[in-house]
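The next block holds one structure in the form of structure tokens; read it before the comments.
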Amino acid sequence: EMVSATIDRERLRYDRFLSVLGTLANNAPFIGLFGTVIGILNAFGLLASALAGSSRSEMIMGSISEALVATAVGLAVAIPAVVAFNAFKNKTRTEAVTASTCARVIGVVAFSGGEPENATGSKHGERS
């Protein structure tokens with residue numbers, strides 16, 4: 001019981017920061033999309049004023065490029081964050097299963113007074 005409680009406590013400690021990483025990974029594309037929308041709206045505003053009179057093609061292209069940069073930054077944050085989140089979540093799950101397995105083996109050895117039995121019912125080292 002003590003080992004199981006310790007495993008659960010440590011797993012919670014590891015999972016605590018994964019929620020922040022998961023939130024960042026999920027929201028970064030939306031932040032990039034928001035920047036894209038603002039940049040495109042700015043470009044259309046400049047395009048409308050250019051059609052009304054003066055030529056501002058450099059400003060329009062600059063606004064479009066800013067919008068694309070915002071999208072690229074959002075994706076550059078989101079993709080590594082999702083990869084890291086999945087890797088850490090998998091590592092946490094693997095470590096918890098390994099620790100639980102070790103705890104069960106230790107419990108079997110401690111309460112049986114000897115070696116754990118294998119699947120055939122014989123102890124390690126015995127031949128069937």
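Here are a few things to note about the model shown:
- Residue identified as among the hydrophobic types (A, V, I, L, M, F, W, C) and more than 29 Å from LEU24 (Cα to Cα) among ALA76, ALA110: ALA110
- Only residues that are surrounded by 13 or more Cβ atoms within 10 Å (Cβ to Cβ), more than 16 Å from GLY74 (Cβ to Cβ) and more than 13 Å from the chain's Cα centre (by Cα) were counted across region 15-43, and they come to 2.
- Pairs where the first residue, in region 98-127, is under 15 Å from MET2 (Cα atoms) and acidic (Asp, Glu) and the second is open to solvent by less than 60 Å² (accessible area, probe 1.4 Å) and at pLDDT 75 or above, C-beta under 9 Å, 6+ apart: none
- Unmet requirement for GLY22, which otherwise passes all of (1) farther than 30 Å from ALA99 by Cα; (2) at pLDDT 75 or above: (1)
- Condition met for VAL77 (assigned to a helix (DSSP H, G or I), free of Cβ contacts under 8 Å to residues at least 40 places away in the same chain, out of contact with any Asp or Glu (no Cβ under 7 Å at 6 or more places or on another chain) and hydrophobic (A, V, I, L, M, F, W, C)): no
The values are calculated or read from the model by the stated rules, or taken from the named source; none is laboratory data. Since we're looking at a predicted model, the values are computed, not measured. Positions of Cβ are backbone-derived with ideal geometry, glycine not excepted, and every protein chain shown enters the neighbour counts. With ligands, DNA and RNA removed, areas are computed over all heavy atoms of the protein, side chains included. Shrake-Rupley method; radii C 1.70, N 1.55, O 1.52, S 1.80 Å.
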